[in-house]
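Structure record follows, encoded as structure tokens.
Read the figures in this text as sums done on the coordinates, not as results from a lab. Note that the coordinates shown come from a computational prediction; the quantities given were computed from them, not determined experimentally. Counting neighbours? That spans all protein chains shown, and the Cβs are built from the backbone with ideal geometry, glycine included.
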Amino acid sequence: MTYRLYRRDSIIKGQWYYSVACQGCGEDIEILDDKSKGKNSKPLFGGGDLSIPCNKCGHDAIYQFEDLKSSPAPENRPSTYPVREKISKSSRKPLSKSFPEAKVTMGVGFIEDRPKAAALVGRIITSWADIEVQLTRLLAELINAETPAVSAVFGSIRSSRSQSDAIEAAAKVVLNADDILLFKAYIKRKASLEKERNDLAHGCFGVSVNIPDHIVWVSQADFLIFNASPKHPDNLKAFRENQFVYELGTLERIAQEIVVFYNQIASFIGYLSARRGGVDGESFRRKRYLELIEQPKIKEALAILKQRKNSK
């Protein structure tokens, strides 16, 4: 199997990375962060080829797992994407409380008037297809089947809940107790992120001159109710109370959390695949398990699941 590795994030001088020597220019191509700072010689488990491009000279070649080395970066390098907005931990804010004087214009296309917000909403909505690809890979790993066959079955299941149920049914058959609990933490995290994504995908947007950077959102259902009788004073009041403001920092947080979750699923799949790796695989799994249970949001989800289990 060939794995495509392409780094988009910035490189920080002095920080540790797994890299390969470019077959074109000879310079190091930093690919993966090395949080162990050189102490862990195996960032990945298994075999196969690594397809890696060089952002410096453009050379694109095949490398082996053995070609990976760990070392501190000799220089800073920028990311391949624009500068991100500063993340906000807050959720969407009620318009009536946060911007009580703001008047909003709703309608198709108005999101274009806030290009930064539009780009963020686009990132959030479109990235979910990649999450579903990862979930298909997870199901294929659980049932030890070829991904194309699993994709045909998984893709025919349109309900997100049914997809999760299918994966969970497979997990219960093949995973041990610790792995089942870890798996459920991933599914719990998926449900939380999917709700945030779906709200944006199926909501309606508007703008206000008093809110120059951020976007105003309302659920489609609330917008339909308002449009049925827009002049009724009660409907107007309720409509305003159901409008929310998504700040750029909030949208950035959601977008980045989806990317983090995508990578977390990939790590979990790699962890599960090591079950077939014999003694080396089990050694890898013991170390990786301790890392997986400390992942952002997964750790919190695990704590909730354990608390529920103990309270029964």
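For the stretch 1-104, what does the relative contact order come out to in percent, with C-alpha contacts under 8 Å and a separation of six or more?
Working: 157 pairs, mean separation 36.1, N = 104.
Relative contact order of the stretch 1-104: 35 percent.
For a quick check: sort Arg240, Arg4 by the number of other beta carbons within 10 angstrom, fewest at the front. List each step's numbers first, then the result.
Values: Arg240 17, Arg4 9.
Sorted ascending by nearby Cβ count, the order is Arg4, Arg240.
For the Cα atoms of the chain, what angle does the longest principal axis make with the long axis of helix 160-174, in degrees from 0 to 90, nearest 10?
The helix 160-174 is inclined about 30 degrees to the chain.
I want to verify a result. In a Gaussian network model of the chain, Cα cutoff 10 Å, which of these has the top mean-square fluctuation: Asp213, Asp49, Asp199?
Highest fluctuation among the options: Asp49.
Could you check which residue among Leu68, Leu193, Leu120 shows the biggest mean-square fluctuation in a GNM of the chain with a 10 Å Cα cutoff?
Looking only at Leu68, Leu193, Leu120, the largest GNM fluctuation is found for Leu68.
Which longest uninterrupted range of the chain lacks any GluC sites (Glu not before Pro) assigned by DSSP to a loop state (not H, G, I, E or B) and surrounded by at most 11 other Cβ atoms within 10 Å? Present the calculation step by step, with values, prior to reporting the outcome.
Working: sites that count: Glu75, Glu101, Glu146, Glu294.
That gives 147-293 as the longest site-free run.
Residue by residue through the stretch 297-307, what is 3J(HN,Hα) from phi via Karplus (6.51 cos²θ - 1.76 cosθ + 1.60, θ = phi - 60°)? Round to whole Hz and write x for glycine and proline.
So the Karplus estimates, Gly and Pro as x, are 6, 5, 4, 5, 5, 4, 4, 5, 5, 5, 5 Hz.
Quickly estimate the mean residue ellipticity at 222 nm for the chain, helices only: each DSSP H run with n ≥ 4 gives -39500 (n - 2.57), and the total goes over all residues, rounded to 500.
On the way: 10 runs with 156 residues, N = 312.
For the chain, the value works out to -16500 deg cm²/dmol.
Under 10 Å, Cα contacts only: if you run a Gaussian network model on the chain, which one of Phe154, Phe284, Phe99 comes out with the highest mean-square fluctuation?
Fluctuation is largest for Phe99.
Please give the length that would be gained between Leu236 and Asn40 if that part of the chain were fully extended, namely 0.36 nm times their separation in residues minus their C-alpha to C-alpha distance (nm, one decimal).
On the way: separation 196, 0.36 × 196 = 70.56 nm, distance 6.03 nm.
Result for the pair: 64.5 nm of gain on full extension.
Please tell me which of these pairs span more than 30 angstrom C-alpha to C-alpha: Lys37/Lys299; Lys103/Lys299; Lys86/Lys312; Lys195/Lys299; Lys39/Lys297; Lys56/Lys86? Display every interim value, and only then the final one.
Working: Lys37/Lys299 23 Å; Lys103/Lys299 41 Å; Lys86/Lys312 41 Å; Lys195/Lys299 20 Å; Lys39/Lys297 26 Å; Lys56/Lys86 28 Å.
Where the Cα-Cα span goes over 30 Å, the pairs concerned are Lys103/Lys299; Lys86/Lys312.
Find the cysteines in the chain that fail to meet the 4.7 Å Cβ criterion with every other cysteine, and list them.
Unpaired cysteines in the chain: Cys204.
Show the residues, 5+ positions off or on another chain, whose built amide H is closer than 5 Å to the amide H of Tyr63.
Leu50, Ser51, Ile52
Sort the stretch 2-72 into rounded, prolate or oblate with this rule: let a ≥ b ≥ c be the square roots of the eigenvalues of the Cα gyration tensor; rounded if a/c is under 1.5, and if a/c is not under 1.5, prolate when a/b is larger than b/c, oblate otherwise.
On the way: a/c = 1.79, a/b = 1.12, b/c = 1.60.
Oblate is the answer for the stretch 2-72, as a/c is 1.5 or above yet b/c matches or exceeds a/b.
At a threshold of 8 angstrom on Cα-Cα distance, excluding pairs fewer than six apart, so keeping six or more, what relative contact order does the chain reach in percent? Mind showing how you got there, number by number?
Details: 414 pairs, mean separation 65.7, N = 312.
Once divided by the residue count of the chain, the mean separation gives 21 percent.
By how many degrees, between 0 and 90 and to the nearest 10, does the Cα long axis of helix 248-273 differ from the longest principal axis of the chain?
30
Note the direction-averaged projected area, equal to a quarter of the hull surface, for the Cα convex hull of the stretch 117-165, in nm².
On the way: hull surface 15.1 nm².
With every direction weighted equally, the projected area is 3.8 nm².
When the Karplus curve 6.51 cos²θ - 1.76 cosθ + 1.60 is applied with θ = phi - 60°, which whole-Hz ³J(HN,Hα) does each residue of the stretch 213-227 get, with x for Gly and Pro?
Ordered by residue, 3J(HN,Hα) equals 10, 8, 10, 9, 10, 8, 5, 4, 4, 5, 5, 5, 4, 5, 5 Hz.
Using only Cα atoms, find the angle between the long axis of helix 115-143 and the longest principal axis of the chain, and express it within 0 to 90 degrees, rounded to the nearest 10.
Approximately 50 degrees, to the nearest 10.
How much net charge surrounds Ser10 when only the other residues with a Cβ under 12 Å from the Cβ of Ser10 are counted, with Lys and Arg +1 and Asp and Glu -1? Spell out each step's value before the answer.
Numbers: positive: Arg7, Arg8, Lys13, Arg77, Arg84; negative: Asp9, Glu30, Asp33, Glu75.
Within the 12 Å Cβ shell, the charges total +1.
Beyond 26 Å, what share of the Cα-Cα pairs of the stretch 93-311 is found? Please give it as a whole percent. Spell out each step's value before the answer.
Values: 11425 of 23871 pairs.
Result for the distance tail: 48 percent.
What aspartates and glutamates could a cross-link reach from Lys306, if we take a straight Cα to Cα line under 19 Å and drop same-chain neighbours fewer than 8 places away?
Cross-link targets: Glu168, Asp178, Asp179, Glu291, Glu294.
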